[in-house]
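Student: Mind having a look at this structure? Questions to follow.
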Amino acid sequence: MRAVQIVNLEGPERALALAELPEPAASHMLTPGSGVVVDVRAAGVSFPELLQSRGAYQLKPPLPFVPGSEVAGIVRSAPEGAAVRAGDRVAAFCVLGGFAEVAVAPVHLAFPLAEGLDFAQGAALILNHHTAYFALKLRGRLAAGETVLVHGAAGGVGVAALQVAKGLGARTIGVVSTDAKERLAREAGADEVLRADGPWKDRAKELTGGAGVDVVLDPVGGDRFTDSLRALAEGGRAVVVGFAAGAIPEVKVNRLLLNNVEVIGAGWGGYALGRPGVCRDTGAALDGMIAVGAVRPLVGARFPLERAAEALQLIDGRGATGKVVLELG
Ligand SMILES: NC(=O)c1ccc[n+]([C@@H]2O[C@H](COP(=O)([O-])OP(=O)(O)OC[C@H]3O[C@@H](n4cnc5c(N)ncnc54)[C@H](OP(=O)(O)O)[C@@H]3O)[C@@H](O)[C@H]2O)c1
């Protein structure tokens, strides 16, 4: 099969190479001896693959390896008890190995692809939307009627967070850096969009009648974190999801005490991948949101498999709007 491997750790320009490899067996590292085998039609491209191309991600497989955490395609084979059967359309989270014509996912992370979503949208669904649901609902306790501010709101996690927040009945404020990203955030369902280089904290306060927002979801990090805490209402929660801007913020904990606010970490993979029940429940919740039209992955850029390096460079250059996918076949 054709696949793209990471062959060195020199970054997105030089680390990737096209290879001809044997097809994988029906076994996944999370569920040895068992796995759903997928004929891949689209593979999602995300921040972790960019970090992997530099050896900067927590998961560091020996070189060379096939990156790619999520795919959509047609099930080739599935074990007893799986939610999908051979021939079904599927969205699957494979952790690694997705940048290939054939990939394997654990049974609990292979979901029937909802009617109305194409393969590219299926490849854009799991990482970002499961993360968004985990971060907003399970960690941030976001409730209907509350207001959430989403940083990086036109990025992969950001778009998913806007949609999932809508599905949870929340009011949404997105923070973005450009006009194009503002349009995408609105398309994703943002009720309000603010600029990252403007007075977003003060505007967020104004938009909530001076009270502040209930939840901030932050996949960006960097120097805006203290203002995120200042933007919270009493009892508010700032949910830490990632550090796309590079710098890991530090918090003066007196700020938590002053306004009775919380900082909450949300690491989806480390929590959910080993908990099949959480994965299935989240999949079911998202299916409900897809059915009512709240969740619909927005695909911003499509590349053929052999141009995976360009896909990573687009993310690296802060140029991605919505999800970046590789299309196969
Ligand atoms: N905790 C978890 O379980 C989990 C799961 C998935 C992803 N993540 C993490 O979440 C973060 C975001 O992932 P993503 O897929 O949403 O990425 P993305 O699609 O590239 O979006 C990230 C956004 O961050 C903003 N940003 C600000 N400064 C940036 C910079 N210097 N370089 C790049 N982007 C910058 C950009 O928005 P503006 O230009 O509008 O500011 C961009 O749209 C990553 O750190 C990723 O590893 C965590």
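Student: So the check is Cβ under 6 Å with 6+ separation or different chains; which pairs have a first residue in region 39-64 that's in contact (Cβ under 8 Å) with a residue 12 or more places away in the chain and under 23 Å from Ala25 (Cβ atoms) and a second one that's surrounded by fewer than 24 Cβ atoms within 10 Å (Cβ to Cβ) and basic (Lys, Arg)?
Tutor: From residues that are in contact (Cβ under 8 Å) with a residue 12 or more places away in the chain and under 23 Å from Ala25 (Cβ atoms), the pairs are Asp39/Arg76.
Student: Given the options Leu113, Leu117, Leu125, name the one that is closer than 29 Å to Arg307 by Cα, in contact with a Pro (Cβ under 6 Å, 6 or more places away or on another chain) and more than 9 Å from the ligand (Cβ to nearest atom).
Tutor: The unique qualifying residue is Leu125.
Student: Could I ask something else about it? Please verify whether Ala153 is part of a loop (DSSP other than H, G, I, E, B) and within 8 Å of the ligand (Cβ to nearest atom), treating the condition exactly as stated.
Tutor: yes
Student: Thr282: in a helix (DSSP H, G or I), surrounded by fewer than 18 Cβ atoms within 10 Å (Cβ to Cβ) and among the polar types (S, T, N, Q), yes or no?
Tutor: no
Student: Moving on. List pairs: first residue in region 182-211 and touching a residue at least 24 places away in the same chain (Cβ under 8 Å), second residue of a type in the set (S, T, N, Q) and buried (at least 19 other Cβ atoms within 10 Å of the Cβ) anywhere in the structure, Cβ distance under 7 angstrom, at least six positions apart or on different chains.
Tutor: Close Cβ pairs satisfying both conditions: Leu184/Thr321; Ala188/Gln163; Gly189/Gln163; Gly189/Thr172; Ala190/Thr172; Thr208/Thr147.
Student: Any residue at all in region 308-324 that's in contact with an Asp or Glu (Cβ under 9 Å, 6 or more places away or on another chain), on the phi > 0 side of the Ramachandran plot and within 13 Å of the ligand (Cβ to nearest atom)?
Tutor: Among the residues of region 308-324, at least one is in contact with an Asp or Glu (Cβ under 9 Å, 6 or more places away or on another chain), on the phi > 0 side of the Ramachandran plot and within 13 Å of the ligand (Cβ to nearest atom), which makes the answer yes.
Student: Please verify whether region 170-177 includes one or more residues that are in contact (Cβ under 8 Å) with a residue 12 or more places away in the chain, within 15 Å of the ligand (Cβ to nearest atom), within 16 Å of Arg230 (Cβ to Cβ) and within 19 Å of the chain's Cα centre (by Cα).
Tutor: Yes, region 170-177 has at least one match.
Student: Another one. For region 156-169, which positions are within 15 Å of the ligand (Cβ to nearest atom) and of a type in the set (A, V, I, L, M)?
Tutor: Scanning region 156-169 gives Val157, Val159, Ala160, Ala161, Leu162, Val164, Ala165.
Student: Here is a follow-up. What number of residues in region 201-225 are within 16 Å of the ligand (Cβ to nearest atom) and more than 27 Å from His130 (Cβ to Cβ)?
Tutor: 3
Student: Between a first residue in region 259-280 that is within 14 Å of the ligand (Cβ to nearest atom) and modelled with pLDDT of 95 or more and a second residue that is of a type in the set (Gly, Ala, Ser) and not in a strand (DSSP E or B), which pairs have beta carbons less than 8 Å apart while being 6 or more apart in sequence or on different chains?
Tutor: Matching pairs, first to second residue: Ile264/Gly140; Ala266/Ala135; Ala266/Gly140; Trp268/Ala135; Val278/Ala272; Cys279/Ala272.
Student: Separate question: Is there a residue in region 138-146 that is without any contact (Cβ under 8 Å) to a residue 40 or more places away in the chain, of a type in the set (Asp, Glu) and more than 16 Å from the ligand (Cβ to nearest atom)?
Tutor: No, that holds for no residue.
Student: I've got another one for you. Which condition does Ala285 not pass, out of (1) more than 19 Å from Arg41 (Cβ to Cβ); (2) within 11 Å of the ligand (Cβ to nearest atom), if it passes all the others?
Tutor: (2)
Yes/no matrix, rows are residues, columns are (1) surrounded by fewer than 22 Cβ atoms within 10 Å (Cβ to Cβ); (2) at pLDDT below 95; (3) assigned to a strand (DSSP E or B):
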| residue | (1), (2), (3) |
| --- | --- |
| Met289 | yes, no, no |
| Gly293 | yes, no, no |
| Pro297 | no, no, no |
| Thr321 | no, yes, no |
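Student: Just wondering, is there one or more residues in region 320-328 that are without any contact (Cβ under 8 Å) to a residue 60 or more places away in the chain and closer than 22 Å to Ala153 by Cα?
Tutor: Within region 320-328 (the criterion being without any contact (Cβ under 8 Å) to a residue 60 or more places away in the chain and closer than 22 Å to Ala153 by Cα), the answer is no, since none of the residues qualifies.
Student: Considering region 178-202 alone, what residues qualify as being surrounded by fewer than 17 Cβ atoms within 10 Å (Cβ to Cβ) and out of contact with any Gly (no Cβ under 9 Å at 6 or more places or on another chain)?
Tutor: Within region 178-202, Thr178, Asp179, Ala180, Arg183, Arg195, Asp197, Gly198, Pro199, Asp202 meet the criteria.
The values are calculated or read from the model by the stated rules, or taken from the named source; none is laboratory data. Small disclaimer: the values here were computed from a predicted structure and weren't measured. Glycine also receives a Cβ, built like all others from the backbone with ideal geometry; neighbour counts cover every protein chain displayed.
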